[in-house]
Each structure stands twice: as C-alpha cells, then as structure tokens.
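Inspection log for the structure reproduced underneath, given as structure tokens.
A short reminder: the numbers here are calculations on the coordinates, not readings from a lab. In this text, all values refer to a predicted model and were calculated from it rather than measured experimentally. As a convention, Cβ positions derive from the backbone with ideal geometry for all residues, glycine included, and neighbour counts pool all protein chains shown.
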Amino acid sequence: WSKDRWEGNGSTDPHLPNRFFIHPDSPAPGEKWMQYPISFHKLKLTNNTLNSNGLVVLHSMHKYQPRLHIVQSPDPCSPHNSGGYLRFTFPEAAFIAVTAYQNQE
C-alpha cells in the first residue's frame, strides 16, 4: 500500500484451489432456513496449504470478499442437479488475511 493505492511487489503466491464451505444444515428446504438466523460459526480459516481438515485456506496479506450462494436443487439428495442459484456478496465484510499482528498494545 503506497500513496493511497496497492502496488505489486515481488512474485505472486501460487493460486489456491477454489475451496468453499457447505453449511452443515444443508441441504434443507427454504422454510427451514427462514425459521432462525443462519450461523457460520463452524467455518474455519487457515493459511496452512497442507490442511486436510476441511478448513478454507487463505493467503496472508490478500484481500477476500465473502460470498453466499443459495443453490436450488430439485432433488436434495443430488445437489449436483442444480436448478439455479443466487449469489450474495457483502462488501462490508471484505477483509485482508493476516497471520500476525504487530500492534504493541
């Protein structure tokens, strides 16, 4: 970050495979999702690229934009047979992943 803008510096990090979090209550009909607030407290993030525990892997010092996909499935037992989806983004939830804080307080 320099003079109010991002500048490239050095080589890029290798591209991570697209990883996503499937809510543990999925699949479920819409009426179930409307009964109570939806929580993502089980979503876990890591910077360990060797992770095999289902955590979402992020690169440090990269900016991320959370997205929510709601997938319509005619057959809940076969989520790959999708009838379409809606995507929601939350600009106010954008963040930069860090691994260490340098704040002295």
- Item | Förster radius 22 Å - calculated FRET efficiency between Met34 and Arg87 (Cβ-Cβ, nearest 0.05) | 0.70
- Message: For Cα pairs less than 8 Å apart in space and 6+ apart in sequence, what is the mean separation divided by the residue count of segment 21-79, i.e. the relative contact order in percent?
- Response: 28 percent
- Query: Can you give the net charge of the other residues whose Cβ lies under 14 Å from the Cβ of His69, counting K and R as +1 and D and E as -1?
  - Reply: +3
- Show which lysines lie in cross-link reach of Lys3 when reach means a straight Cα distance below 28 angstrom and same-chain residues fewer than eight apart are skipped. Lys63
- Message: Run the numbers for Ile70 and Ile22: contour at 0.36 nm per residue of separation, minus the present Cα-Cα distance, in nm.
- Response: 16.2 nm
